[in-house]
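Below is one structure, written out as structure tokens, with a few remarks after it.
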Amino acid sequence: MVKKSPLKFFVLSLVLIALDQAVKLLVHFNMEPGFAGQIRLVGDWLKLHYVLNPGMAFGMQLGHEYGKLLLSLFRLVAMGGIGWYLVHLAHRGAPNGLLWAMSMILAGAVGNVIDSTFYGVFLDNAPYGSTTPWFHGQVIDMIFVDVWEGFLPDWVPVWGGQYYSTPIFNIADSCIFVGVCIILFFQRRFFHDQQDEDGFLPEDPSPENASVLPVDEFENTPSTQTNAEKDPDPVPSDEPRASQPDHGADDERTR
């Protein structure tokens, strides 16, 4: 197990957080919300579309009076847990791919935590009627992959019969999504490598990987006991062996 420093992985998280916040602030101060300020990037399917998200990723919400506060507090706890787990994995010598993916997930969590915690105060975008602007800030979303929109069938749970379009998201959401996908796609490689690092025996039983047992331990192992120690009453080596009957001589006499 080779212990690694988590510093470079936290640096990636900081870069992604800075990029996420820069794009959000540029959209907030330079675009009109909704269809009025929509900007087409690639045809009619990739657009910049400024919306405020009071809930979770991809516009989902908790339908409760304190749902937003609970969500913000959960994000804070999750952010701390992900950061701790990243350090833990680095100290255990986890594969770099797993550590990069975890740093992306951490960046996404922190990016949305900043919105929820501070935007209600500094950008004054907390929903109307919020008990406090702190922890009630709305997340700024702007990436719109417009591939489908319409009314969902009535048999769809929760959202059945409602108008729906493909989600509008931000860079923080993208970091979480990509990081989770990397872990899911390569989980066998990531965690198989981790098990090999934690194992006591080498997978390749070649002479180069063999270990030498100290002499004092070797002498005390049961396999090195002498025959005298194993047999409490050995037969002396200088005594003649009991003669075996000579069946050939008996045959001569009978003739």
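Would it be correct to say that Ser165 is hydroxyl-bearing (Ser, Thr, Tyr) and modelled with pLDDT of 85 or more?
Values: hydroxyl-bearing (Ser, Thr, Tyr): yes; modelled with pLDDT of 85 or more: no.
No, not satisfied.
Using beta carbons and a limit of 7 Å, which pairs, at least six apart or on different chains, have the first residue in the range 154-177 and within 18 Å of Ile82 (Cα to Cα) and the second one loosely packed, with under 15 Cβ neighbours inside 10 Å?
That search, which allows pairs on different chains as well, returns Asp173/Phe58.
Identify, please: which residue in the range 115-160 is part of a loop (DSSP other than H, G, I, E, B) and among the aliphatic types (A, V, I, L, M) and is, among those, nearest to Leu71 (Cα to Cα)?
Among them, the one singled out is Ala126.
Can you tell me which condition Ile182 does not meet? The list is (1) among the β-branched types (Val, Ile, Thr); (2) under 19 Å from Leu52 (Cβ atoms); (3) modelled with pLDDT of 90 or more, and all the others hold.
(2)
Working only within the range 30-50, note down all residues that are aromatic (Phe, Trp, Tyr) and surrounded by fewer than 16 Cβ atoms within 10 Å (Cβ to Cβ). So that I can check it myself, show each step before the final result.
To start, the set of residues in the range 30-50 that are aromatic (Phe, Trp, Tyr) comprises 35, 45, 50.
Residues satisfying the conditions are Phe35, Trp45.
What's the number of the condition Pro95 fails, among (1) closer than 16 Å to Lys8 by Cβ; (2) touching a His at 6+ places or on another chain (Cβ under 9 Å)?
Only one criterion is unmet by Pro95, namely (2).
Kindly indicate the residue of the range 59-72 that is assigned to a helix (DSSP H, G or I) and surrounded by 14 or more Cβ atoms within 10 Å (Cβ to Cβ) and also modelled with the lowest pLDDT among those meeting that condition.
Gly59
Being over 31 Å from the mean Cα position of the chain (by Cα) and surrounded by fewer than 22 Cβ atoms within 10 Å (Cβ to Cβ) is the filter here, so list the residues in the range 102-147 that pass it.
Val121, Phe122, Leu123, Asp124, Asn125, Pro127, Tyr128, Gly129, Ser130, Thr131, Thr132, Pro133
Among the residues of the range 84-107, is there at least one that is closer than 18 Å to Val139 by Cα and either small (Gly, Ala, Ser) or modelled with pLDDT under 95 (or both)?
The answer is yes; a qualifying residue exists.
Only one residue in Phe135, Phe118, Phe144 is out of contact with any Asp or Glu (no Cβ under 9 Å at 6 or more places or on another chain), touching a residue at least 12 places away in the same chain (Cβ under 8 Å) and at positive phi, so which one is that? Before you say what the answer is, go through the steps one by one.
Details: Phe118 fails: at positive phi; Phe144 fails: at positive phi.
It is Phe135.
For Ser130, indicate whether it is more than 23 Å from Gly34 (Cα to Cα) and of a type outside the set (A, V, I, L, M).
no
The values are calculated or read from the model by the stated rules, or taken from the named source; none is laboratory data. Since the model is a prediction, treat every value here as computed from it, not as a measurement. Note that each Cβ is placed from the backbone with ideal geometry, even for glycine, and that neighbours are counted across all protein chains shown.
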